[in-house]
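Okay, structure first, notes after.
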Amino acid sequence: MRERLNLNIMLGKRELRPYRTGGLRPRSYNVLLIAAAAAIAWFAGCAIAPDWLAPYPPTEMSSDSLMQPPSWAHPFGTDYFGRDVLSLVVYGSRDSLFIGVASILIGGLAGGAIGAISGYIGGLTDAVFMRAVDVLMTIPGVLLALAVASALGPSLFNMVAAVSLGTIPGFARLMRGQTLGIKNRPYIVASRSVGVTRFGIYWKHVLPNSLSPLVVMATLGIGGSILTGSGLSFLGVGVLKEIPDWGELLSQGRSYLTVAWWICTFPGLAIALLVLSVNVIGDWLRDRLDPRRRGEAN
Amino acid sequence: MVKLPKTFKTAALILLLVLPVALSACSANNGVAQEGGSSGAAAAADPSPGASSAEASETGGELSYALVSSPDSLDPHRSGLSVSSRVIRTMFDNLVVQLPDHTIQPWLATEWTESEDGLSYIFKLRQDVKFHDGTPFNAEAVKYNFDRVIDPNTKGVSALALLSPYESSEVIDEYTIKLTLSKPSRAFLGNLSAAQLSIVSPTAAAQSGDRFGQHPVGTGPFKFVKWEDNSEIKVERNPDYNWAPALVDNKGSAYLDGIVFKIVPEDATRIGSVQSGQALAAESVPPQNVAALKSDPKFKLLQANTIGLPYTLFINQNREPWNELQARQALQYGIDAGTIVKTLYQGTYEQAWSALTPGMFGYDASLENSIKPDADKADSLLERLGWIKGPDGIRQKDGKRLTLRYVVTSPNREKRNDIAVIVQQQLKKIGIEVEVVVTKDIRTEIFVNDNYDVFGNSDVSGDPSWLSVYYHTAPKGAIGNMSHVSAPELDRWLEQGAVEKDDGRRAELYRNVQQYIRDNAVMVPIYVFPYTVATSRSVENLKFDPLGFPLFNDVRLTK
C-alpha cells in the first residue's frame, strides 16, 4: 500500500504538478494577453447577445443609404443593400465562433479517442486506425472540408462536420504519440507490476499526462477552424443564410473593394482579430501546460 | 522571455493560413456550371463612338478580352451558353444575318425564296467561301450542318430548338440548297442567324466528332489557335476572309492579328485587368464600377441593352401553395423589383415588366407600371387562402409554415444571388419564409428533381416565338417551362404566333401571351440585362450584333 502510494507520488502525479501549482504570477500578465482575452470576451458577447451590441437589425435594408463610408451613424459603413456593416459583423460572430469551437470539440474528441485507443492498445487496432488516419491526412484539410460540405449540402451542421473531419488526423497523431511515450515509462511498468488494471493505469496515469498538448492544440486549432469555416463560406459552399457569417461577408464584399473598402475590410479584421486572440491564448496555455517549458514560462 | 518573437510567429502563421484561402478563392469560381441558354445582350444600335477616325489607327495587334466565365464548348451546335456564342461568333458565319431593325440580310447565302405555303426555302450560296481547313463551302456543307443539328448524337439543345421545324434539305446544285420544314415558322429565317446555327466545316466536324468543340473550324474572320482550359482562348486573323455581313464596315479580313479571350470570373479582377492594362477589354462591368469608368478618359464604357427574355423569377406551379393564383399574386405584390433594381444596379439596369424585353417584336409596353408592389394586398390575398401569421411573423396553415424554396446558382452572376437576399427580406414582411439554396448543379435541382418554388432565368433571342420554350405546355422533365404553366389559350396563341404571317395580328397574339402571364402571375420579371464592356481608350470600333454579341471585324488598336 505504501509502496503504491509512493510510486504514484514519485512517478505519476508529480508530472501533474505544473498545472496544479503553477498559478498565475503577476509577471505572466501582459498587455497582449489581456487584449486577447478582452477581444475573445467581446466576440463571445456578440455571439451570445448580438441584439444588445448591434446598433441596427442586421437584415434591415435601405436603398437610401447604399455603400456609405464609416460615419457616426454607421461606424463600419453600410453595404450594397444599405445594411449596417457593424451590425452584420456583430451578428456574424455567432456562426463563426460556433463553427470554430464546435468543430474543434468534435474533431478533438474523435481524434483524441482514436489516438488514445491506437496508442494504448497497439497491435492490429493501431495499424488499422493509423492507416485510416494516414489516408485522411493525405487530403489537404480545406479540400476535404470543401468536398464534404459540397457532398452533404449546405447547412451549418454539415459545415461543422466538414471542418472537424479535417482536424481529426492531427489530434489522433498527437494523442497516439503522447500515449505511446507515456505507456512505456518506468512508472507505468511499475504500476502494472503492482497489479493496477490496464484501464486503471490509463485513467490515472496515461490520460492525465497526455492531455495537456491536446488542450493546447485544440486552442490553437480553433483559430484554424474559424478560418476554414470562413474559407468555406467564402467559397460559396455554405448556406446562403439570412444573416451572413464573416466568410460570406468577405466573399460578397470583395467585388466592391475598389468602391467601398469597408464592406469586406471590417469582417476581415474581425476574423484576423479573433484568430490572433485565440492564438495568443493558445500560446500562453502552451507555456503554462508544457512541463518541459515550465522553466521558460516562469 | 521571448514573448515578442512568438507573437510575430503567430502573426506569420495567420498570414500563412489566410493567404491560401484567399488565393484558392480567386481560382475557385473557374469552371463552374452555367445555366443553359441564358443571359446575353443585344444592341438596338451600335454603341461604339463613330465608325470613322481610322487615320490614327494601325492594322495589327492582339486584343485581349476578359470574359466572365469559360465556354463549355466551342461547337456552335452543342453549346447554348452566351459566353460560348461570343467566342463562336469570331470563328463562324451564318447563312443570313439579322439587323437591328429585325430585317434579314445575306451573309453566306446571297439570296433566298420562301415557298407559298411556308414549308420550304431555297438558298443561293456564296461561291468564294472556304473553311479554315481548306474545305470548300457549298450546298453539301450546309446540308451536313443542318442534318448534324437534328442528329440525336449531336445532343444539341439550343441549336435544335432554333432549327425546328426543320425536316430535311436537298442539294439542288453545288451552290443551291432547298430546306424543307415540317410546318411553317415565322422565326425560322431569323433563327438561321443565331450563333448556335453557325456553319461548321464538315470535314473537321466529321474528323473530330465529339471533340469538335475543342477544335472548332469555321469560315469566320478568325481561326482557332488554342484553348487553355479555364485560362484563355486564342484566335488569329483569317487572311482569306472576304464575306463579312452587313453589320460591319470591313468586309475583308480583320484588322487585328488575333484575339485572346481571358477567363476572369472575379469581377474586381476582371475590371482591374483593364484598369491596369493587362487586358484591353473586359465584359460585364459591375454597376458599382460603371460610374468610375465612365468618368475616366483613359477608358470607354460600351453598353447594349438586350432583347429576349428578361431576368425572370419563375414560380413553380407544381408545388403547393403556388398552384393557387392568389398565392402567386401575393408574390407579385410582395416582390418589389423596382427597389431591387435601384439597390443593386444603381440605375445601370432597367426594370423589366413583361415576359419580353423592350425592343422585342410584340413587346407590350402597356404592362409597364401596371403592377405596383403592395404588401397589404399581398397580406389579404394570403389571408383569404387561410395562411395566418404565426407568433414569429411567418404564416401558417394547418400547422404548416409558409416557406418558399428559392434556388440560385453559383457563381453570383449579375448579382442574382443578391436579388434572392432582398426578396427574402421583402417576402418576410408578408409572412413568407424564404429559403435560399445555392447550387452548382441546376440540371439536377431544377429539371430532374423539380425541387424549387422560385428559380430565375433569362434568355437571349431575336424572335418572340422563343416564348414557347418557357410558357408552352411541356412534357415532364423538359428543359424550359420552369413555371410549369399549362393553359390551352396560351398554347394556342404561342402556336399561332409561330406561323402568323400578318405582323399586326402576330404582335397582338404575343401581347395576349404577355398579358396572360402577368394576369396569372406566372412569373415575376426583374431586370433587363445590358451587356457592358469596358475597354481601353485605344480600342476602336468594337461593335455589337442585335443580340449583344461583340463583333471584332472593324476593331483597330490605336497606339
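The values are calculated or read from the model by the stated rules, or taken from the named source; none is laboratory data. Source: prediction; values computed, not measured. Don't worry about glycine lacking a Cβ; one is built from the backbone with ideal geometry, like all the others, and counts go over all protein chains shown. Only protein heavy atoms, including side chains, enter the accessible area calculation; ligands, DNA and RNA are left aside. Shrake-Rupley method; radii C 1.70, N 1.55, O 1.52, S 1.80 Å.
Between B:Lys389 and A:Leu124, the simple label model (points 7 Å from Cα in the Cβ direction) yields a spacing of 6.6 nm. Distance between the pseudo-spin-label points of A:Glu60 and B:Asp151 (7 Å out from Cα toward the beta carbon): 6.4 nm.
DSSP loop trypsin sites (Lys or Arg not before Pro) in the range B:279-327 with at most 13 other Cβ atoms within 10 Å of their Cβ, which ones?
Here the trypsin sites (Lys or Arg not before Pro) that fit, given the DSSP loop and packing criteria, are B:Lys298.
Pairs exceeding 24 Å between alpha-carbon atoms, taken from B:Lys342/B:Lys415; B:Lys155/B:Lys501; B:Lys298/B:Lys559; B:Lys178/B:Lys501: B:Lys155/B:Lys501.
Amide H contacts of B:Lys389: B:Gln396, each under 5 Å away and 5 or more positions distant or on a separate chain (H built 1.01 Å from N in the peptide plane; Pro and chain starts excluded).
Calculated on the alpha-carbon coordinates, the convex hull of the range B:308-528 measures out at 119 cubic angstrom per residue. The HN-Hα couplings worked out from phi for the range B:478-491 by the Karplus form 6.51 cos²θ - 1.76 cosθ + 1.60 (θ = phi - 60°) are 5, 8, x, 6, 7, 8, 6, 6, 8, 9, x, 5, 4, 4 Hz, whole numbers, x standing for Gly and Pro.
Per residue, the solvent-accessible area of chain B (1.4 Å probe, heavy atoms of protein chains only, all protein chains present) comes to 39 Å². With the convex hull drawn over the C-alpha atoms of chain B, the volume per residue is 183 Å³. Each 10 Å bin from zero up to the one holding the largest Cα-Cα distance in chain A carries the following percent of pairs: 6, 23, 27, 21, 14, 6, 2, 0, 0. Can you give me the Kirkwood hydrodynamic radius for the range A:65-146, using every pair of distinct Cα atoms, in Å to one decimal? Final number for the Kirkwood radius of the range A:65-146 is 16.4 Å. The stretch between B:Ala375 and B:Asp491 holds 38.5 nm of extra length on full extension. This uses 0.36 nm per residue minus the Cα-Cα distance. Stretching the chain fully between B:Glu435 and B:Thr110 yields a gain of 111.6 nm (0.36 nm per residue, less the alpha carbon separation). Computed over every Cα-Cα pair of the range B:202-282 and binned at 5 Å starting from 0, the pair-distance distribution P(r) comes out as 3, 13, 16, 18, 18, 17, 11, 4, 1 percent.
Apolar share of the accessible surface for chain A: 68 percent from carbon plus sulfur atoms, 1.4 Å probe.
Return a whole-number percent for the relative contact order of chain B, with Cα pairs under 8 Å and 6 or more residues apart as the contact set.
Over chain B, the number comes to 22 percent.
Under the membrane-span-like helix rule (DSSP H runs whose alpha carbons stretch at least 27 Å along the helix axis, mean Kyte-Doolittle hydropathy 1.0 or higher), chain A yields A:85-121, A:207-234, A:262-289. Taking every C-alpha pair closer than 8 Å and separated by at least 6 residues, the mean separation divided by the residue count of the range B:143-194 gives a relative contact order of 32 percent. In chain B, helices alone account for a calculated mean residue ellipticity at 222 nm of -8500 deg cm²/dmol, with every DSSP H run of four or more residues adding -39,500 (n - 2.57). Two decimals is fine: what is log10 I(q)/I(0) at q = 0.05, 0.06 Å⁻¹ for the protein assembly as shown, from a Debye sum with one equal scatterer on every Cα and no solvent? Result of the Debye calculation: -0.36, -0.50. Within 10 Å of each candidate Cβ there may be at most 14 other Cβ atoms; applying that plus a DSSP loop requirement, which trypsin sites (Lys or Arg not before Pro) in the range B:470-552 survive? Passing both the DSSP loop test and the Cβ count: B:Lys476, B:Lys501, B:Arg537.
Got the relative contact order for chain A handy, in percent, Cα pairs under 8 Å and 6 or more residues apart? RCO, chain A: 25 percent. For B:Ala352, the residues whose modelled amide H falls within less than 5 Å of its own, excluding neighbours fewer than 5 places apart on the same chain, are B:Ile526, B:Tyr527, B:Val528.
Taking 28 Å as the limit for the C-alpha separation, the pairs B:Lys143/B:Lys223; B:Lys183/B:Lys440; B:Lys294/B:Lys543 exceed it in the case of B:Lys183/B:Lys440.
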